[in-house]
Amino acid sequence: NNRNKRREGKDVKASPVSEDVQSEYDLQKDLYDINFSASSNTAVYEETVLEKPVIGISCGDLNGIGMEVIISMLEDTRIAELCTPVVFASSKLASYHRNAIDKRDFQFNLCDTIEDIREDKNNLVLSWDDNVEITLGVPTDVSGAYALKSIDAAIEAAKGGKIHA
């Protein structure tokens, strides 16, 4: 019976935690420290203010369903409560897709640059202003090229530390 045979394994030794990792552990530990006041029966939590993560979203192929999915997702106000969403696209593309799915009341906070984004808003960083022909359901070289512009803008924002993911 092979299950009962002792398996040979390699020896694995843990190395000490680096100072960077230890300081991160210490910061996280502090988030959960509870200070019980001697004069009260209620728990008092030390307040730690954490900024919401800024999440970059590329639009996908202009002729695909990417913008429709993004708009439908961002309609849920809980998303902006959890993070600061930033879509990289054009206002014309967003408008076209809002009309296509009959979500005319949905609005983006239009931003000329990533520095213009606002917390608690659905932000759209204007990544191009060209008039691009949209034919839903038909991928083209042009629609793919603009999808890459969206991805490139998101990558630049991430490299510059302007978005967290």
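The values are calculated or read from the model by the stated rules, or taken from the named source; none is laboratory data. Computed from a prediction, not measured in an experiment: that's the story for all the values here. Glycine also receives a Cβ, built like all others from the backbone with ideal geometry; neighbour counts cover every protein chain displayed.
Against the definition (closer than 20 Å to Ala158 by Cβ and surrounded by 13 or more Cβ atoms within 10 Å (Cβ to Cβ)), how does Ile134 come out, yes or no? Outline the logic, then answer.
Working: closer than 20 Å to Ala158 by Cβ: no; surrounded by 13 or more Cβ atoms within 10 Å (Cβ to Cβ): yes.
So Ile134 fails the test.
Filter the stretch 123-165 down to residues that are in a loop (DSSP other than H, G, I, E, B) and in contact with a Pro (Cβ under 8 Å, 6 or more places away or on another chain) and give me whichever is farthest from Ser58 (Cα to Cα).
Taking the stretch 123-165 and keeping what is in a loop (DSSP other than H, G, I, E, B), we get 127-140, 160-165.
Now restrict to residues that are in contact with a Pro (Cβ under 8 Å, 6 or more places away or on another chain): 164-165.
On the way: His164: 14, Ala165: 11 Å.
Once the filter is applied, the top-ranked residue is His164.
If you go through the stretch 92-104, how many residues are over 18 Å from Leu126 (Cβ atoms) and either surrounded by 13 or more Cβ atoms within 10 Å (Cβ to Cβ) or within 23 Å of the chain's Cα centre (by Cα) (or both)?
Step one: list which residues in the stretch 92-104 are over 18 Å from Leu126 (Cβ atoms), which gives 99-104.
Filter again for either surrounded by 13 or more Cβ atoms within 10 Å (Cβ to Cβ) or within 23 Å of the chain's Cα centre (by Cα) (or both), leaving 100-101, 103.
Summing the residues that are over 18 Å from Leu126 (Cβ atoms) and either surrounded by 13 or more Cβ atoms within 10 Å (Cβ to Cβ) or within 23 Å of the chain's Cα centre (by Cα) (or both) in the stretch 92-104 gives 3.
For a quick check of your reading of the model, give me the residue pairs whose first member lies in the stretch 72-93 and is at pLDDT 95 or above, whose second is assigned to a loop (DSSP other than H, G, I, E, B) and polar (S, T, N, Q), with beta-carbon atoms closer than 7 Å and at least 6 apart or on different chains.
Pairs found: Leu74/Asn122; Pro85/Asn122; Phe88/Ser127; Ala89/Ser127; Ser90/Ser127; Lys92/Asn131.
Testing Asn63 on (1) within 20 Å of Gly161 (Cα to Cα); (2) of a type outside the set (Asp, Glu); (3) in contact with a Pro (Cβ under 6 Å, 6 or more places away or on another chain), one condition comes back false. Which one is that?
(1)
Applying the selection to the stretch 97-117, what residues are in contact (Cβ under 8 Å) with a residue 12 or more places away in the chain and over 13 Å from Ile70 (Cβ atoms)?
Within the stretch 97-117, the first condition is being in contact (Cβ under 8 Å) with a residue 12 or more places away in the chain, and the residues that meet it are 97-98, 100-101, 103, 106-115, 117.
The answer is Gln107, Asn109, Leu110, Cys111, Asp112, Thr113, Ile114, Glu115, Ile117.
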